[in-house]
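One structure below.
The values are calculated or read from the model by the stated rules, or taken from the named source; none is laboratory data. None of the values given here were measured: they were computed from a predicted structure. Heads up, the Cβs are rebuilt from the backbone with ideal geometry, glycines too, and the neighbour counts pull from every protein chain shown.
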Amino acid sequence: MIFKRLFYLIWLFLVQGLLAVTITQDTVTSGTINLSVGSITVSSGAYWSIINNAVSAFVGDLTVQSNAGFYISTTNPLIGLQVTLLGVLNSIQNNGVISFNSLKTLIAPNYNLVGLSFLNNGQMYLAADGTNPPVMALTAASWTNNGLLVFYQNQRSESLINLGTTLGSITNAGSICLYSSVYQQLTSITGSGWYVFLIFFLL
């Protein structure tokens, strides 16, 4: 049984490596695209902007290098964004800018990023209108923010922002800003970073 699991893990990593996508120049993709393609890397000096793709389901690591950007947005009021990374072995490492923007639609987005580890050394923005409660969750077991992390809603909703694994620990040595947002603390917090709450509620 152990060998079977080990074989599966090795096979999984090999498949993700073979299907990896690396963005080396500015790229704009509009409409439906399948992001279940293994690990994604946006190289320094480049950006990838994905517009009006309703479902963005990552199955590998997401890496954004310094001076790089990764943007998912909707300009269609009938499209709500689903951005997920549900694999427990995958990681998010951001040294540039990551932005998920649903401000132009009343349909609540689902930003649900799990994974094994989350490391933000750059800037990361998660935005929603707030008319309907969005899901905003970054719940990796290993969780560190050294940069800027912003959660924004045009208006307060009943949505609860989740950071880290319940009863676990998160490290914040950067800044976390919450606009019109409700944050429910379910973890211990270490680090000397800043927390900025504007029109907020803390549970």
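Please determine, by comparing only the residues of the range 45-57 that are of a type in the set (A, V, I, L, M) and surrounded by fewer than 19 Cβ atoms within 10 Å (Cβ to Cβ), which one is farthest from Leu116 (Cα to Cα). Filtering first and then ranking leaves Ile51.
Candidates are the residues of the range 58-75 that are modelled with pLDDT of 95 or more and part of a strand (DSSP E or B); the one that is surrounded by the most Cβ atoms within 10 Å (Cβ to Cβ) is Val64.
Filtering the range 120-144 to residues that are out of contact with any Phe, Trp or Tyr (no Cβ under 8 Å at 6 or more places or on another chain) and outside any loop (DSSP other than H, G, I, E, B) leaves Asn120, Gln123, Met124. A search for C-beta distances below 9 Å between a residue of the range 126-144 that is over 28 Å from Ser192 (Cα atoms) and any residue that is modelled with pLDDT under 95 and acidic (Asp, Glu), counting only pairs 6+ apart in sequence or on different chains, returns Pro133/Glu158. Return a yes/no flag: does the range 40-50 have any residue that is outside any loop (DSSP other than H, G, I, E, B), of a type in the set (S, T, N, Q) and over 19 Å from Val135 (Cβ atoms). Checking the range 40-50: at least one residue is outside any loop (DSSP other than H, G, I, E, B), of a type in the set (S, T, N, Q) and over 19 Å from Val135 (Cβ atoms).
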